[in-house]
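Structure record follows, encoded as structure tokens.
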There are 2 protein chains.
Amino acid sequence: MTQDTLYHLAIDTNEDLPKRFGDIRFVAMGGSAGRMLAFAKRVQNELMNSPKANEYIDRIEMNELNELKNVSEKAGRYCMYKIGPVLSVNHGMGVSSLNILLHELIKLLHYAKCRNVVMFRIGTSGGLGVEPGTVVISDSACDELLDDYYKLNIMGERHWRPAIFDRSLVDELEQLSNEMKRNYHTVRGRTMCASDFYETQSRIDGAICNYGINEKIARLRHLVDNGIRNIEMEATAFASMCRYTGIRCAIVCCTLLNRLDGDQVNVDKSTLESYQIRPQELILAYIRKHL
Amino acid sequence: MTQDTLYHLAIDTNEDLPKRFGDIRFVAMGGSAGRMLAFAKRVQNELMNSPKANEYIDRIEMNELNELKNVSEKAGRYCMYKIGPVLSVNHGMGVSSLNILLHELIKLLHYAKCRNVVMFRIGTSGGLGVEPGTVVISDSACDELLDDYYKLNIMGERHWRPAIFDRSLVDELEQLSNEMKRNYHTVRGRTMCASDFYETQSRIDGAICNYGINEKIARLRHLVDNGIRNIEMEATAFASMCRYTGIRCAIVCCTLLNRLDGDQVNVDKSTLESYQIRPQELILAYIRKHL
């Protein structure tokens, strides 16, 4: 192709992508736009207080109002911020929305000639047998049938792609977490990636539900017995696509509730915010260490 | 349950939902937040110029700046506007994101005691054998294996739910479209719902691609031969969930390109806007007729 339009990012190859994005070394993503802007601001603060602040200041993209610039705003799909060597971007909800973002991000990093980039998903999730607020570092990812694969129908055929994380990165994050002062638990475990929030996660509070509370609890206990510590909606696609393209990646999620105790997410705003910061703190510590 | 929190909408049953939302009769949704705000403004303009403007004016939710209010802003997931009897909301990309919205919308309509609500998806899509800018009214929806079902893994088992549209609604929309003055084509046809934008849609411009242009064209021709006129990423879930819960629904999409001619979406901004307005015009005509 003479030109490639990354349609959902509002970026194309007509500009000098190595010049603008060639310094990227860390990509952080999560579901909601607000959370990823908050993370971008924490990174900005970190860089501006580092000994190399002078190097970074011109590598942070700002808008006319002197705020962090959403570089994908024109596409109206994702919010992406460039803060020196860090990209912070929201992926929306579910594997499909994440998949589009990853295809276009991976092309962007390729065109920009970035090397040894590490990708993180910092998310929210439902916990299984862990206290609300616990942080889970995923060491494997499965679908609702407990297959550790991302399944796609391509050219009329079913493809199973292994959903495997980089073991050394998981180890390093666990080590870093153990070194941090914190008043919450961090565990590593298997993450189930569900294709919806209600039925495929065995919730009984959706608009459609054809099973009772006893079947639900039996199913959730079966998941616990199979090593699953949390449920979210992106893990298999994230692990599989990064592995396929040779990018080291990890998922760190806070749990908003223990699903063995209920289905409803109704933690108050300040508690929710304190939970959401936990994965951000860990990834920020990783970035700080490797800057 | 004594209380139900619609977590992703930032609405709960502690307030008087029949009073606030009981007048809803039409729900319009689409992928991007900007497009659904634009549609909300068109509806607002329509209502304010109708003979019953006085009835509607207090039923339009505005914020402190006297702009249409995003009633789900606090959740940070979807943008939803209430304009008299119309809800306009964005569903993000992919069946998973749409599914969460539908569960919570259907519960909202139930709690608010709404009756005979009609739901529309007004989207963008890739066309198959039709001129760019053509409007497609979906008369059936299939997945990438050409099964007219929405498939979900619930409690460890695979479920196939028929993805069927209300025939009379499709007929009425086609009739209405034929009565409109327009300089573009409108067709009815089968819509393929893909789980990603690249590989499952047979694109060759993604970050991962294991087939060539000849296989791609053969596959796309096979889709055309099976009645498929456009490809998007939400149709099976939308048709299936609405049918399951007894809600009449339809999908009207503009096509941004003819996939037999290429993969890249690089229409210019004004052309894109003129395309996106087409499904909005049709749904607005339907609402006007039934107000």
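A short reminder: the numbers here are calculations on the coordinates, not readings from a lab. As the structure is a computational prediction, the values presented were derived from the model and not from experiment. Note that each Cβ is placed from the backbone with ideal geometry, even for glycine, and that neighbours are counted across all protein chains shown.
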* **For segment A:58-107: span of alpha carbons on each principal axis (Å, largest first)** => 33, 21, 16
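Does segment A:238-291 come out rounded, prolate or oblate by the C-alpha gyration tensor, with a ≥ b ≥ c the root eigenvalues, rounded set by a/c under 1.5 and, if not, prolate when a/b is larger than b/c and oblate if not?
Details: a/c = 4.00, a/b = 1.56, b/c = 2.57.
Oblate.
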* Amide H to amide H under 5 Å from A:Ile11: which residues, 5+ apart in sequence or cross-chain, H placed 1.01 Å off N in plane? -> A:Leu6
* **Simple label model, 7 Å out from Cα along Cβ direction - B:Asn66 to A:Asn214, nm** => 6.1 nm
* Would you work out the relative contact order for segment A:172-261, in percent, from Cα pairs under 8 angstrom that are 6 or more residues apart? => 30 percent
* To do: Only Lys, Arg, Asp and Glu count, each charged at its Cβ (+1, +1, -1, -1), so figure out the dipole size of segment B:152-201 about its Cα centre, rounded to 20 debye.
  => 80 debye
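Which whole-number percentage describes the relative contact order of chain A, with Cα contacts under 8 Å and a sequence gap of 6 or more? Walk me through the numbers before you get to the answer.
Numbers: 558 pairs, mean separation 66.2, N = 291.
Computed value for chain A: 23 percent relative contact order.
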* Over the Cα atoms of the protein assembly as shown, compute the convex hull volume and normalise it per residue, giving Å³. => 149 Å³
* Copies compared at B:Arg115 - label distances in nm, ascending, label defined 7 Å from Cα in the Cβ direction -> 7.0
* Structure fact -> Magnitude of the Cβ-charge dipole (Lys and Arg +1, Asp and Glu -1) of the protein assembly as shown about the Cα centre, nearest 20 debye, reported as 240 debye
* Computed E for A:Glu131/A:Lys289 - FRET, C-beta separation, R0 25 angstrom, nearest 0.05 -> 0.35
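Using only the alpha carbon atoms of segment A:203-284, find the Kirkwood hydrodynamic radius as the inverse mean reciprocal pair distance, in angstroms to one decimal. Mind dumping the intermediate values first?
Details: mean 1/r = 0.0654 Å⁻¹.
Computed over Cα pairs of segment A:203-284, the Kirkwood hydrodynamic radius comes out at 15.3 Å.
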* Asked: Considering amide H positions built from the backbone, and no H for Pro or chain starts, which residues 5 or more places from A:Ile251, or on another chain, come under 5 Å of its amide H?
  -> A:Arg121, A:Ser138
* To do: Could you go through segment A:206-211 in sequence order and give the Karplus-derived ³J(HN,Hα) for each residue, using 6.51 cos²θ - 1.76 cosθ + 1.60 with θ = phi - 60°, rounded to whole Hz, and x for Gly and Pro?
  => x, 6, 10, 7, 10, 8
* **Kyte-Doolittle mean at least -0.5 and Cα axial length at least 15 Å: DSSP H helices in chain B** => B:33-48, B:95-111, B:213-225
* To do: Mind jotting down the distance between the C-alpha centroids of segment A:1-79 and segment A:94-138, whole Å?
  => 16 Å
* For A:Asp12, place a label point 7 Å out from Cα along the Cα→Cβ vector, do the same in each other copy, and report the separations in nm, one decimal, smallest first. => 4.7
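Dividing the Cα convex hull volume of segment A:124-267 by residue count, how many Å³ per residue is that?
112 Å³
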* To do: Using θ = phi - 60° and the Karplus relation 6.51 cos²θ - 1.76 cosθ + 1.60, list the HN-Hα couplings for segment B:181-197 in order, rounded to whole Hz, with x at every Gly or Pro.
  => 6, 7, 10, 9, 8, 10, 10, 10, x, 7, 10, 8, 9, 9, 8, 8, 9
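Please give the contour-minus-distance gain from A:Met155 to A:Arg115: 0.36 nm per residue of separation, less the Cα-Cα distance, rounded to one decimal in nm. The partial results should precede the final answer.
Numbers: separation 40, 0.36 × 40 = 14.40 nm, distance 3.13 nm.
The A:Met155-A:Arg115 span can extend by a further 11.3 nm.
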* Asked: Can you list the cysteines of chain A that have no other Cys Cβ under 4.7 Å away?
  -> A:Cys79, A:Cys114, A:Cys142, A:Cys193, A:Cys209, A:Cys253, A:Cys254
* **Scattering profile of chain B at q = 0.08, 0.12, 0.14 Å⁻¹ [log10 I(q)/I(0), Debye over alpha-carbon scatterers]** => -0.34, -0.77, -1.04
* Roughly how crowded by other chains is peptide B:156-166, in terms of the mean Cβ count from those chains within 10 Å of each of its Cβ atoms? -> 1
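Just add up the charged neighbours of B:Ser138: K/R +1, D/E -1, any other residue whose Cβ is under 10 Å from the Cβ of B:Ser138. Present the calculation step by step, with values, prior to reporting the outcome.
Working: positive: B:Arg121, B:Arg188, B:Arg190, B:Arg229; negative: B:Asp139, B:Glu232.
Summing Lys and Arg as +1 and Asp and Glu as -1 gives +2.
According to the square roots a ≥ b ≥ c of the eigenvalues of the Cα gyration tensor, what is the shape class of segment A:1-88, taking rounded for a/c under 1.5, prolate for a/b larger than b/c otherwise, and oblate for the remainder? Before the final figure, lay out each step's value.
Numbers: a/c = 1.97, a/b = 1.35, b/c = 1.46.
It comes out oblate by the Cα gyration axes.
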* HN-Hα J in Hz across segment A:149-154 - Karplus 6.51, -1.76, 1.60, θ = phi - 60°, x for Gly and Pro -> 9, 9, 9, 9, 9, 10
* **Relative packing of B:244-252, B:131-139, which averages over residues the other C-beta atoms within 10 Å, highest first** => B:131-139, B:244-252
* **Copies compared at B:Thr271 - label distances in nm, ascending, label defined 7 Å from Cα in the Cβ direction** => 5.3
